[in-house]
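Chemist: Provided herewith is a single structure, encoded as structure tokens, for subsequent inquiry.
The values are calculated or read from the model by the stated rules, or taken from the named source; none is laboratory data. Please read these numbers as outputs of a predicted model, since none were measured by experiment. Every residue, glycine as well, gets a Cβ built from its backbone with ideal geometry; the counts of neighbours run over all protein chains shown. Note: accessible area is taken over every heavy atom of the protein model, side chains too, but ligands, DNA and RNA are not part of it. Shrake-Rupley method; radii C 1.70, N 1.55, O 1.52, S 1.80 Å.
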Amino acid sequence: MKIGIIGSGNIGGTLGRHWAKAGHEVMFSSRNPEELKPMAAEAGAQTGSVEAAAAFGEVILLAIPFGKIPELAQQIGRLDDKILIDATNPYPQRDGDVAQQVIDDESQTATGYVASQFPGAQTVKAFNSIYFKVLEDKAFRAGDERIAVQLCGDDPQAKQTVKQLIEDIGFAPQDIGDLNSGTIFEPNAPLYNKNLKIGEAETLLQQLSV
Ligand SMILES: NC(=O)c1ccc[n+]([C@@H]2O[C@H](COP(=O)([O-])OP(=O)(O)OC[C@H]3O[C@@H](n4cnc5c(N)ncnc54)[C@H](OP(=O)(O)O)[C@@H]3O)[C@@H](O)[C@H]2O)c1
């Protein structure tokens, strides 16, 4: 698939390298794409502006600080018919009022907010609850050894695509449900940043459901 990475740091850089290794076409971007050239060259990927990555990808990975999302949405506009993977988390100390308002607003989840910024895209929440070093070191495993990556979303087809992208790099998708279910793997929630093998993660989810 063609994957545009917006925010090519700890999470975006790691995922882009893995997806390129798995045979996908990757374009890394940030506000300073020229700085990404060595990483991209090593990975066999491209670099471009944020707008270029947004245009390039059938799938867009969003991995920037949450507080930057409104300005990004202004900058790139709509992402119609694309799959948007939201890997972001709202941290008020880092992200300011945007994050605090989303946390305080019980009528909206964090990814619900992200989805509202990009109407027309199919938003899937994934990779927000795995530590980047685990993402880096524990990729390309098989079977029960795979670490779980939680995901949720409202569009079954988009979710299936993201599940495949999780499997392609040797992690195990753990489907939590629709987009509103994502609160269970947001900061401070029970499934956040647990970095468990898939069997352990499924057991924990069952315990939480009873
Ligand atoms: N670190 C983790 O283990 C982890 C795990 C799961 C989820 N997350 C979440 O993933 C997101 C990214 O975290 P990270 O640790 O990968 O951060 P990071 O290493 O600081 O990388 C952030 C990237 O975003 C780019 N960026 C910042 N503002 C931007 C803007 N306005 N437009 C385009 N690109 C912009 C930065 O590059 P430039 O400054 O060059 O633009 C950088 O490449 C956060 O929301 C975080 O909560 C992190």
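Chemist: Every residue in segment 130-186 that is aliphatic (A, V, I, L, M) and closer than 12 Å to Leu15 by Cα, please.
Modeler: Those that are aliphatic (A, V, I, L, M) and closer than 12 Å to Leu15 by Cα: Ile130, Val134, Leu135, Ala139, Leu165, Ile166, Ile169.
Chemist: Write out, first by first residue and then by second, each pair whose Cβ atoms fall under 7 Å of each other, whose residues are 6+ apart or on separate chains, and whose first residue, in segment 62-86, is under 15 Å from Ala126 (Cα atoms) while the second is of a type in the set (Phe, Trp, Tyr) and within 10 Å of the ligand (Cβ to nearest atom).
Modeler: Listed by first residue and then by second, the contacts come to Phe66/Tyr91; Ile85/Phe127.
Chemist: Right, here's the next one. Can you find even one residue in segment 23-35 that is under 23 Å from Leu135 (Cα atoms), of a type in the set (Lys, Arg) and open to solvent by 50 Å² or more (accessible area, probe 1.4 Å)?
Modeler: No, segment 23-35 contains no residue that is under 23 Å from Leu135 (Cα atoms), of a type in the set (Lys, Arg) and open to solvent by 50 Å² or more (accessible area, probe 1.4 Å).
Chemist: Considering only residues of segment 103-130 that are out of contact with any Leu (no Cβ under 9 Å at 6 or more places or on another chain) and within 12 Å of the ligand (Cβ to nearest atom), which is nearest to Arg146 (Cα to Cα)?
Modeler: Only one residue fits best here, namely Ile130.
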